[in-house]
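Have a look at the structure below before the remarks.
The values are calculated or read from the model by the stated rules, or taken from the named source; none is laboratory data. All figures in this text were calculated on a predicted structure; none of them were measured in a lab. Because the Cβ atoms are built from the backbone with ideal geometry, glycine has one as well, and the counts that use them run over all protein chains shown.
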Amino acid sequence: MRFFVDIILALAILGGAAFSRPIQVADETTMRVWSAPELTTTQCFAQHAAFASDCASLLTNPSTTADWTNVAPLEVSPVFKPFCSGNCCIFTDTPDMPIEDLVSAGSTLMGCLQPVNGLLNGVIKLESGGSVCMADLTGTNSCF
């Protein structure tokens, strides 16, 4: 019996650490914020959401060559779309960010999954500077 109590306590502690990640969920009427020391902010959105299965594939097999072409209109700050898979793309406002940093941020953004419909869209602002967004192909304007 003591063994099961230890397992339950361990899961509760690990679960608490996972849920203390900095995730901000936004929709038309509400916003919830959680914070953690290693990241500044994560926001989750409903519009321009990508298929979670495409995003998982993107993170499992990321491109080894990123496209650093600015995809934002000239009158706003640059936004880059280094790689996509299916309808899921990684966007960033920081050129030449290492692919492993993009994948790590994307893995955190998988926490934005909407289980009801299997879609996700989110942006994370890193303490090291810059932001990373995961959204559908048209998500450039929803990210930054």
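Which residues, counting only those in the stretch 50-65, are aliphatic (A, V, I, L, M) and in contact with a helix residue (DSSP H, G or I) (Cβ under 6 Å, 6 or more places away or on another chain)? The answer is 59, and nothing else. Against the definition (modelled with pLDDT of 85 or more and closer than 16 Å to residue 120 by Cβ), how does residue 63 come out, yes or no? When the stated conditions are applied, residue 63 does not pass them. If the condition is being of a type in the set (S, T, N, Q), without any contact (Cβ under 8 Å) to a residue 60 or more places away in the chain and assigned to a loop (DSSP other than H, G, I, E, B), then the stretch 55-84 contributes 61, 63, 64, 65, 69. Considering only residues that are in contact (Cβ under 8 Å) with a residue 40 or more places away in the chain and either at positive phi or in a loop (DSSP other than H, G, I, E, B) (or both), which ones fall in the stretch 85-103? Listed by number, the residues that qualify are 87, 93.
With at pLDDT below 90 and under 19 Å from the mean Cα position of the chain (by Cα) as the only criterion, which of 10, 18 stands out?
Details: 10 fails: under 19 Å from the mean Cα position of the chain (by Cα).
That would be 18, the only listed residue that is at pLDDT below 90 and under 19 Å from the mean Cα position of the chain (by Cα).
Within the stretch 104-119, being outside any loop (DSSP other than H, G, I, E, B) and polar (S, T, N, Q) holds for 104, 107, 108, 114. Taking the criterion of being surrounded by fewer than 14 Cβ atoms within 10 Å (Cβ to Cβ) and among the β-branched types (Val, Ile, Thr), the residues of the stretch 93-144 that qualify are 116, 138.
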